[in-house]
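Trainee: Structure incoming, see below.
The values are calculated or read from the model by the stated rules, or taken from the named source; none is laboratory data. Small disclaimer: the values here were computed from a predicted structure and weren't measured. We place every Cβ from the backbone using ideal geometry, glycine too, and count neighbours over all the protein chains shown.
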Amino acid sequence: LGEGVDIVIRPPDAALETMPEVVRQMHTASGLLDELAGGTTLADAEEQVLAYVREHVKEPGKAPLCGNSVGTDRGFLARDMRDLESYLHYRIVDVSSVKELARRWFPRAYFNSPDKNGNHRALADIRDSITELRYYREAVFVPQPGPDSERAKEIAARLVTPVTP
């Protein structure tokens, strides 16, 4: 994994004026609101992030979008950063889905997961998601190297329900 990019995008004044109070408090606490005046444009941010992604993924349509509850992020990218979105694979890795499964199947692991420190800043939140996924990999998933082929075939055969006409 690379270091990532940390970019602040300056939103339109109208967006700042209509920001819900809870969002304003969150971004004030994180320091983001103080940085907005020096932020960049959407187009420049897209260029910077796309350059970073291209360093790691050479072919469009191959980079996975990963993080917690990234469906909204994907919609934003599809609407406002189409060139960047075209570099993403259609599949996503949503850590919150893993978390929900752990909550139901392995509650002790879920309730002892690491605390988040991202403070709702994009790069820090991504780092939290990576830490969280590493935690669930070690605490919930089968140990590496995983089952051998025979064991995997046995599990699959046991779980497949025959199709009845």
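Trainee: Out of (1) in contact (Cβ under 8 Å) with a residue 60 or more places away in the chain; (2) part of a helix (DSSP H, G or I); (3) of a type outside the set (S, T, Y), what's the single condition that is false for V5?
Mentor: Here V5 meets the rest and fails (2).
Trainee: What do you reckon, is D13 farther than 18 Å from R121 by Cα and modelled with pLDDT under 95?
Mentor: Numbers: farther than 18 Å from R121 by Cα: yes; modelled with pLDDT under 95: yes.
For D13, the condition - farther than 18 Å from R121 by Cα and modelled with pLDDT under 95 - is met.
Trainee: Give the residues of segment 131-154 that are β-branched (V, I, T), modelled with pLDDT of 95 or more and surrounded by fewer than 16 Cβ atoms within 10 Å (Cβ to Cβ), sorted by residue number.
Mentor: The answer is none; no residue qualifies.
Trainee: Please work out which one of (1) aliphatic (A, V, I, L, M); (2) buried (at least 16 other Cβ atoms within 10 Å of the Cβ); (3) free of Cβ contacts under 8 Å to residues at least 24 places away in the same chain is the condition A157 fails and give its number.
Mentor: Looking at each condition in turn, A157 falls short on (2).
Trainee: Right, here's the next one. Can you work out which of the residues in segment 93-118 that are surrounded by 16 or more Cβ atoms within 10 Å (Cβ to Cβ) and outside any loop (DSSP other than H, G, I, E, B) is farthest from the chain's Cα centre (by Cα)? Let's see the steps before the verdict.
Mentor: At the first step, the residues of segment 93-118 found to be surrounded by 16 or more Cβ atoms within 10 Å (Cβ to Cβ) are 94-95, 98-99, 102, 109-110, 113, 118.
Within this subset, residues satisfying the condition of being outside any loop (DSSP other than H, G, I, E, B) are 94-95, 98-99, 102, 109-110.
On the way: D94: 6, V95: 7, V98: 12, K99: 13, A102: 17, A109: 20, Y110: 18 Å.
The qualifying residue farthest from the chain's Cα centre (by Cα) is A109.
Trainee: Another one. Let me spell it out: the conditions are (1) farther than 30 Å from F141 by Cβ; (2) at pLDDT 95 or above, and Y110 meets all of them except one. Which number is the exception?
Mentor: Unmet condition: (1).
Trainee: Could you list all residues from segment 119-129 that are in a helix (DSSP H, G or I) and either aromatic (F, W, Y) or surrounded by 15 or more Cβ atoms within 10 Å (Cβ to Cβ) (or both)? Can you show your working first?
Mentor: Of the residues in segment 119-129, the ones in a helix (DSSP H, G or I) are 122-129.
A122, A124, D125, I126, R127, D128, S129 - these are the residues of segment 119-129 that are in a helix (DSSP H, G or I) and either aromatic (F, W, Y) or surrounded by 15 or more Cβ atoms within 10 Å (Cβ to Cβ) (or both).
Trainee: Something else now. Only one of these is β-branched (V, I, T) and out of contact with any Pro (no Cβ under 9 Å at 6 or more places or on another chain): V98, V93. Name it. Lay out the reasoning, then the answer.
Mentor: On the way: V93 fails: out of contact with any Pro (no Cβ under 9 Å at 6 or more places or on another chain).
Within the list V98, V93, the selection yields V98.
Trainee: Select from segment 1-22 the residues that are of a type in the set (A, V, I, L, M, F, W, C) and loosely packed, with under 12 Cβ neighbours inside 10 Å and write down the one among them that is nearest to L133 (Cα to Cα).
Mentor: Ranking the qualifying residues of segment 1-22, first place goes to L1.
Trainee: Could you count how many residues in segment 61-74 are surrounded by 14 or more Cβ atoms within 10 Å (Cβ to Cβ) and either in a loop (DSSP other than H, G, I, E, B) or among the polar types (S, T, N, Q) (or both)? It would help to see each step written out before you state the result.
Mentor: Here is the first cut: in segment 61-74, the ones surrounded by 14 or more Cβ atoms within 10 Å (Cβ to Cβ) are 63, 65-68, 70, 73-74.
From the residues that got through so far, the ones that are either in a loop (DSSP other than H, G, I, E, B) or among the polar types (S, T, N, Q) (or both) too are 68, 70.
Selection size over segment 61-74: 2.
Trainee: Considering only segment 77-92, state which residues are loosely packed, with under 13 Cβ neighbours inside 10 Å and either of a type in the set (A, V, I, L, M, F, W, C) or in contact with a Lys or Arg (Cβ under 8 Å, 6 or more places away or on another chain) (or both).
Mentor: Those that are loosely packed, with under 13 Cβ neighbours inside 10 Å and either of a type in the set (A, V, I, L, M, F, W, C) or in contact with a Lys or Arg (Cβ under 8 Å, 6 or more places away or on another chain) (or both): none in segment 77-92.
Trainee: Of all the residues that make up segment 32-46, how many are hydrophobic (A, V, I, L, M, F, W, C), surrounded by 13 or more Cβ atoms within 10 Å (Cβ to Cβ) and either touching a residue at least 24 places away in the same chain (Cβ under 8 Å) or on the phi > 0 side of the Ramachandran plot (or both)?
Mentor: Qualifying residue count, segment 32-46: 4.
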